[in-house]
Ligand code: NAD
Ligand code: MG
């Protein structure tokens, strides 16, 4: 009985955020120690006897047992496929390995795939789920802050090719997302901060209150306070749900596109520094957002005080805010070359997300190469 009461207590602390889309809806469950509940949650949703778990090796070593114990509790049998950690895993080669394994081990149309891990695991597993047998049920159990606030919600799945990131993929929504903040206890602090940048970004896009909340409580998130983490994830997912609801397939220039605030410049920095950990995606997004605010202030579009606040907050958290502050000297012309290969180029012009202030974004193709060059030089190139 004590055990049951303990579990009920934990369940009570679970926050549930519904995501309602035109053809489907699902819940994001957020809370501390809710991985223990995954088995019962899944069996209350889908009548399944078996699941496939795809997990990266790091995460499997830390959290797979908790998941499999909960599946045992719910009398769900499982098979596990381990993938190596790191961005390189999101490849056609690994996609082939994973789907072959699923098929060889007899996956059926109704057998769910559970992704246990960060965005890399979620994106690869989601694409495997979308395409194996033309689609099997998909369950997201994100274990990085980035995947809990961003990649596990919204249905984008995919892999990289030698030409670029995320160029092959599918929109494929999960049946349920289970975000256990306790799994973040083992996440390296640098990864946590990088994920936090995407929460701040959400506030900068169209939610001043969220940004203010971050200014006030961001430090608690970095200290991995479970209560603040739960609230932050809920706020960020609610924000993302609102955006994707109106633009599930990224067809509207004012919809999902806005989620890319700071990302064109961010991707450019990542490409220049190489995807080898010298700069994490969220770090690049933080710096990318700062650059956009600086650019917009220079262009007379955004008050300097807002730009100052943004820089102030990212720097208080320990995220990069200027090119000058980076350990590597960068060349403005190299950065501009990368920028021209961005996915968001339309009719030869880059679609930028610009700002009139915190929480006030709009899209524009009016930024000139000269504006960008000057920005990069002034910022330390
Ligand atoms: P990741 O999946 O590579 O995880 C980062 C590192 O943390 C890995 O080494 C992993 O093994 C480790 N890790 C994960 N959880 C851990 C835990 N609880 N404890 C200890 N270590 C843990 O990286 P990420 O930042 O989660 O995701 C990045 C990927 O997400 C990129 O490929 C990006 O393209 C993708 N992404 C997708 C979307 C989308 O909408 N689908 C959105 C944003 C990002
Ligand atoms: Mg991002």
So for region 103-256, considering every pair of alpha-carbon atoms, how many percent are separated by more than 22 Å? 44 percent
Relative contact order, percent, of region 323-381 when contacts are C-alpha pairs under 8 Å separated by at least 6 residues? 43 percent
Highest mean packing first, using Cβ neighbours within 10 angstrom, the peptides 220-227, 309-316 sort as 309-316, 220-227
Longest principal axis of the chain (C-alpha) makes with the long axis of helix 304-317 (C-alpha) an angle, in degrees to the nearest 10, of 40 degrees
Looking at region 12-67, what % of the alpha carbon pairs are farther apart than 15 Å? 62 percent
Assuming a viscosity of 0.692 mPa s and a temperature of 37 °C, what translational diffusion coefficient in µm² per second does Stokes-Einstein assign to region 53-132, Rh being the Kirkwood radius over Cα pairs? 256 µm²/s
Relative to the longest principal Cα axis of the chain, at what angle does helix 369-378 sit, 0 to 90 degrees, rounded to 10? 90 degrees
Please compute the contact order of region 239-371 in relative form: average sequence separation of alpha-carbon pairs under 8 Å and at least six residues apart, divided by the residue count, as a percent. 26 percent
Contact order relative to length of the chain, as percent, for alpha carbon pairs under 8 angstrom and 6 or more apart: 14 percent
Rounded to the nearest 5, what % of the DSSP beta bridges within the chain are antiparallel ones? 45 percent
With the cut-off at 1.5 for a/c, could you classify region 322-370 from its C-alpha gyration tensor as rounded, prolate or oblate? oblate
Would you mind giving the average projected area, over all directions, of the Cα convex hull of region 194-257 in nm² with one decimal? 4.3 nm²
Helix 208-222 versus the longest principal axis of the chain: what angle, 0 to 90°, nearest 10, using Cα atoms? 60 degrees
Given 25 °C and 0.890 mPa s, how large is the Stokes-Einstein diffusion coefficient of region 296-381 in µm²/s, with Rh as the Kirkwood radius over Cα pairs? 172 µm²/s
Given the peptides 180-189, 29-38, arrange them by the average over their residues of other C-beta atoms within 10 Å, most packed first. 29-38, 180-189
Region 155-208: radius of gyration and largest Cα-Cα distance (Dmax), Å: 14.8, 38
Output the direction-averaged projected area (hull surface divided by four) of the convex hull of the alpha-carbon atoms of the chain, in nm². 17.9 nm²
Given region 231-343 reduced to its alpha-carbon atoms as identical point scatterers, what log10 I(q)/I(0) does the Debye formula return at q = 0.09, 0.12, 0.16 Å⁻¹? -0.27, -0.49, -0.87
Hey, how much of the P(r) for region 77-119 falls beyond 11 Å, as a percent of Cα pairs? 70 percent
Mean Cβ count within 10 Å, highest first, over the residues of peptides 50-59, 208-217, 281-290: 281-290, 50-59, 208-217
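Here, each number is a calculation from the coordinates, and none is a lab measurement. Given the structure is predicted, the values throughout are model-derived calculations rather than measurements. Here the Cβ is made from the backbone with ideal geometry for all residues, glycine too, and neighbour counts use every protein chain on show.
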